[in-house]
Amino acid sequence: MKKRLVSMLLAAVMLALLSTVAFAADPIILSNDKAKVDVTNTSDGFIKIAYTGGGSSKIKVLITDQNKKQYTYNLNNKGDIEVFPLSEGDGNYTVGVYTNTTGSKYASSFNTSFDVKLKDQYAPFLVSNQYVSYSDKSSTVAQAATLVKDKKTDLEKITAIYDYIIKDFSYDKDKAANVQSGYLPEVDKILASKKGICFDYAALMTAMLRSQKIPCRLVVGYAGEVYHAWINVYTKEDGWVDAMIQFDGKTWKLMDPTFANTGKQSEEVMKYIGDGKNYAAKYYY
């Protein structure tokens, strides 16, 4: 009788453990009939969102951190999942999904909030997201691996990727003149064409560095009075090097692959991009 009781207790414990494991492995979804927000990976610095309300209306996502800083994104209306970064670190976030009604007016389809505790501060800047989209099968990732295969340190890897982009790519003036609001880079297409605008340069280099486990922030803000995109990089030796990663043995130079490329690294351009005061960051992706 006692053996039977022990067996029953062990079976109950095992069942409870299995149930706990199964529950923990399940995605954590916050939703209604219009949208789903997957918050399973908040500690890794990102969430997944899908619009499930159907129709052909434009959809917007608004992500607000606890300090009221807001990031606005477009979201497809087909129900496809898209990944969005939690760029502002730990704290409480609010996510709103909005459906276009008429003109520039949007109606709330779903709102939710949740707390975020990152496993480390670099987490959001080591993964693919809507602005820096790539996968293990991307040619961008393969090219990055080729560029750094003989490099030992992060700085050597950063330099190899940076040199490749500023020397082999050209600025697409036609695209810059005609780019539409809501444009998102496709890094493999940029790699194949070897040309692009500032957003393309920054997204491509960010994808390459992240694929090599080097934290990298795609930054959108102002260079002087011009809306612009560049990158920040983290190294173990120096921590976050905000807007500067190119080291010549004496000083760091601002990492701006667009200006460095289009200026052909002229003394005037390198002086400008080497001065962080010329840049004002607004958003991190």
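The values are calculated or read from the model by the stated rules, or taken from the named source; none is laboratory data. Source: prediction; values computed, not measured. Backbone-built Cβ (ideal geometry, glycine too); neighbour counts: all protein chains shown.
Restricting to segment 105-121, what's the tally of residues that are under 18 Å from the mean Cα position of the chain (by Cα), modelled with pLDDT of 95 or more and either in a loop (DSSP other than H, G, I, E, B) or among the small types (Gly, Ala, Ser) (or both)? Please lay out each step first, then the result.
Taking segment 105-121 first, the residues under 18 Å from the mean Cα position of the chain (by Cα) are 116-121.
Those still in the list that are modelled with pLDDT of 95 or more too: 116-119.
Those left that are additionally either in a loop (DSSP other than H, G, I, E, B) or among the small types (Gly, Ala, Ser) (or both): 117-119.
Counting residues in segment 105-121 that are under 18 Å from the mean Cα position of the chain (by Cα), modelled with pLDDT of 95 or more and either in a loop (DSSP other than H, G, I, E, B) or among the small types (Gly, Ala, Ser) (or both) gives 3.
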>> Suppose we filter segment 29-49 for residues that are surrounded by 19 or more Cβ atoms within 10 Å (Cβ to Cβ) and part of a strand (DSSP E or B); how many remain?
In response: 6
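So, in segment 61-75, how many residues would count as being hydrophobic (A, V, I, L, M, F, W, C) and surrounded by fewer than 20 Cβ atoms within 10 Å (Cβ to Cβ)? Full working, then the answer.
Kept after step one, since they are hydrophobic (A, V, I, L, M, F, W, C), are these residues of segment 61-75: 61-63, 75.
Still in the list and also surrounded by fewer than 20 Cβ atoms within 10 Å (Cβ to Cβ): 62.
Of the residues in segment 61-75, 1 are hydrophobic (A, V, I, L, M, F, W, C) and surrounded by fewer than 20 Cβ atoms within 10 Å (Cβ to Cβ).
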> If you go through segment 78-93 one residue at a time, do you hit one that is farther than 19 Å from VAL37 by Cα and out of contact with any Lys or Arg (no Cβ under 8 Å at 6 or more places or on another chain)?
Replying inline: no
>> Condition (residue is assigned to a loop (DSSP other than H, G, I, E, B), at pLDDT 50 or above, surrounded by fewer than 19 Cβ atoms within 10 Å (Cβ to Cβ) and touching a Phe, Trp or Tyr at 6+ places or on another chain (Cβ under 9 Å)) applied to segment 257-278: is it met by at least one residue?
In response: no
>> For segment 126-158, give me the residue count where each residue is assigned to a helix (DSSP H, G or I) and either without any contact (Cβ under 8 Å) to a residue 12 or more places away in the chain or surrounded by fewer than 17 Cβ atoms within 10 Å (Cβ to Cβ) (or both).
In response: 5
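Residues are listed down the side, and each one gets a yes or a no for (1) in contact with a helix residue (DSSP H, G or I) (Cβ under 7 Å, 6 or more places away or on another chain); (2) surrounded by fewer than 22 Cβ atoms within 10 Å (Cβ to Cβ); (3) in a helix (DSSP H, G or I):
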residue: GLY182; (1), (2), (3): no, yes, no
residue: PHE199; (1), (2), (3): no, no, yes
residue: ALA207; (1), (2), (3): yes, no, yes
residue: ARG217; (1), (2), (3): yes, no, no
residue: GLY221; (1), (2), (3): no, yes, no
residue: ALA229; (1), (2), (3): yes, no, no
residue: ASN232; (1), (2), (3): no, yes, no
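Assess whether TYR201 counts as being aromatic (Phe, Trp, Tyr), in contact with a Ser or Thr (Cβ under 7 Å, 6 or more places away or on another chain) and modelled with pLDDT of 70 or more. Outline the logic, then answer.
Values: aromatic (Phe, Trp, Tyr): yes; in contact with a Ser or Thr (Cβ under 7 Å, 6 or more places away or on another chain): yes; modelled with pLDDT of 70 or more: yes.
Judged against the criteria, TYR201 is a match.
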> Can you tell me how many residues in segment 76-104 are surrounded by 14 or more Cβ atoms within 10 Å (Cβ to Cβ), assigned to a loop (DSSP other than H, G, I, E, B) and of a type in the set (A, V, I, L, M)?
Replying inline: 1
